[in-house]
Structures are given as structure tokens and as C-alpha cells.
1. In a Gaussian network model over the chain where Cα atoms closer than 10 Å are linked, find which of Ala115, Ala78, Ala22 has the largest mean-square fluctuation.
2. For a quick check: sort Val40, Val266, Val199 by the number of other beta carbons within 10 angstrom, fewest at the front.
3. Could you calculate the FRET efficiency of Val116 with Ala50 from 1/(1 + (r/R0)^6), where r is the beta carbon distance between them and R0 is 51 Å, rounded to 0.05?
4. If we count every other residue with Cβ under 9 angstrom of Ala115's Cβ, Lys/Arg +1 and Asp/Glu -1, where does the sum land?
5. Mind computing the radius of gyration and Dmax over the alpha-carbon atoms of the range 221-266? Å is fine for both.
6. Kindly write out, for the range 34-42 in residue order, the coupling ³J(HN,Hα) from the Karplus curve 6.51 cos²θ - 1.76 cosθ + 1.60 (θ = phi - 60°), rounded to whole Hz, with x marking Gly and Pro.
7. Please give the helix 198-210 orientation as an angle from the longest Cα principal axis of the chain, in degrees from 0 to 90, rounded to the nearest 10.
8. Among Leu149, Leu181, Leu171, which one shows the biggest mean-square fluctuation in a GNM of the chain, springs joining Cα atoms closer than 10 Å?
Amino acid sequence: MKSKVVAILETRTGEHLAELIARRGGIPLLAPALEEVPDVDPQAVATLLAQWRVEPFNIAIFQTGVGTRALFQATDAAGLTAELLKLLDSSTVVVRGPKPVGELNARAVRIDLRAVTPFTTETVLAAVSELPMQHARVLVQRYGAANQLLRETLQGRGARVDEIATYRWALPADTQPLNRLLEALASSSIDAVVFTSAVQIHNLCAFAEKTARASPLADQLNRVVIASIGPVCSRALREHGITPTFEADPPKLGPLVAGLDQALSV
């Protein structure tokens with residue numbers, strides 16, 4: 001990928017991804033498209049635990065590392081972590097991917113079921129497919145938005161689903177990097193764009209719409225290499241009329257950068 005300009009929309013690991021691309025001779029262009037805004041309501045957490053005591057959750061599903069950490073930080077601040085750990089000990093604990101595993105391991109929480117790669121909603125549903133759901137109470141640690149497919153599928157099996165919000169997704173406060181990315185796409189100054197989450201494409205399209213540049217965006221992106229971290233991201237891209245050039249397998253940064261290098265070398 002020598003001298004190729006690669007746009008990166010990732011926020012938390014954007015600098016690390018830029019370094020990996022630069023090591024291979026690429027020119028990273030950082031344009032964060034996502035900001036994770038803490039959104040933990042201490043009263044909601046206290047109410048949740050109070051209800052949990054009366055009507056225990058049979059299953060607790062943790063979807064993200066940042067959300068799991070935020071939940072425990074909220075219970076730390078309220079002095080309720082010991083109670084949360086006790087309640088979790090009586091529930092079936094399910095995790096979506098390796099990041100919530102790390103957070104739960106740090107709290108010595110027993111993990112009963114793990115979704116397999118590529119850590120999608122579908123693999124979470126597969127992980128719990130053998131669990132009885134009729135009249136079961138299920139707690140879902142929400143990520144930046146509600147997971148409608150997860151909720152509706154579990155409810156369809158007879159479960160009562162409650163979600164606890166710990167953060168929400170928003171556009172970054174500084175949108176100038178996104179503005180520069182759209183300008184670079186318009187002038188054909190970009191060779192590749194890397195997407196590491198579905199919400200990045202939603203936010204990029206929303207920002208393009210807001211700045212009256214949405215109409216040509218899909219065509220502009222389809223003229224460059226589009227790197228997708230995994231199936232959820234690829235699905236979101238296709239929903240916006242954008243075809244991924246390749247999808248990382250497994251959905252990790254190493255295979256993503258290797259695939260990008262190969263695609264840009266063709």
C-alpha cells in the first residue's frame with residue numbers, strides 16, 4: 001500500500017490502526033466518525049438492581065467492553081458493585097465478544113456462554129438457542145443503540161427483555177476531519193476507506209446528508225477500496241449502496257490491515 005491514502009473512521013483504536021498502515025507504507029487520514037458518549041443514569045442502575053432482587057434475571061447478555069466497563073463504573077460510584085456481582089452469580093452470563101470477556105474477567109464474573117466469531121447478533125442468538133426462554137427475564141447491556149433483532153427474537157421465544165443503556169453513539173464534536181474526508185473523496189484523493197463498525201457508515205452518511213453531499217457519496221466510495229471489519233459492518237455498507245471490497249476474516253485489525261495491503265497492491 002506504499003503511498004496510498006487510507007481513510008480511517010475508527011475513534012478508539014484509530015491511532016493504532018494508522019500506525020499499522022503507516023508501517024506498510026500507507027498514508028493514513030484520520031477522520032473519526034463516532035464518539036461514545038457516556039449515558040449511564042445512576043438512578044436507572046439502582047432501580048434495575050432493586051427490580052433484580054425481586055424478579056431475578058435468568059440471563060444477562062453483555063455486548064461490548066466499553067458498555068460493560070461503564071456499568072461497573074456506575075455501580076462502583078453507587079457502592080452497588082458487590083450486589084451486582086452477587087446477582088450475576090445467580091444468572092446465566094452471556095458475552096458477545098472478547099472485549100466484554102476482558103471486563104468481566106477483571107471482576108471475576110463467571111461466564112457461561114460466549115458467542116463465536118464473528119461476534120454478531122446472530123452468533124449471540126445461536127449461543128443462547130438451547131436456553132429456555134419462555135417467561136425468562138433477560139437483561140441486555142445495550143451498546144450505542146438498541147439491538148432490535150436481539151430483543152425481538154428473544155421476545156418471540158417468550159422472554160421478557162430489559163435493556164440497560166451505558167453509552168450512546170454520536171458524531172464527534174469536531175467534524176472537520178469528516179469534512180476533509182468528504183472533500184478528499186470528491187477530489188478522488190483517497191485510495192481506500194476502512195470501516196470498523198456499522199455506525200461509522202451511518203454517521204458518515206448522516207454527516208454527508210447534513211452538509212448536502214449525500215447524493216454522490218456511495219458512488220465516490222465505490223470507486224475506492226472499501227475495507228470492512230466484518231459481516232455486521234458489511235451489511236450496513238450494502239444498506240447504503242456501498243460494496244465492500246473485502247471483509248476481514250477473522251474480524252480483527254491484523255487480518256483487516258493484511259487484506260487492505262493485498263487489495264491496494266492489486
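1. Ala78
2. Details: Val40 17, Val266 6, Val199 22.
Sorted ascending by nearby Cβ count, the order is Val266, Val40, Val199.
3. Working: r = 35 Å, r/R0 = 0.68.
Once the sixth-power term is evaluated, E becomes 0.90.
4. Numbers: positive: Arg96, Arg114; negative: Glu122.
Summing Lys and Arg as +1 and Asp and Glu as -1 gives +1.
5. Using the Cα atoms of the range 221-266, the pair Rg, Dmax is 10.1, 27 Å.
6. 3J(HN,Hα) across the range 34-42, in whole Hz: 8, 10, 8, 9, x, 8, 9, 9, x.
7. 60
8. Leu149
Throughout, read-outs are computed from the coordinates displayed, never taken from laboratory work. Since we're looking at a predicted model, the values are computed, not measured. Cβ coordinates were reconstructed from backbone atoms using ideal geometry, including for glycine residues, and neighbour counts include every protein chain displayed.
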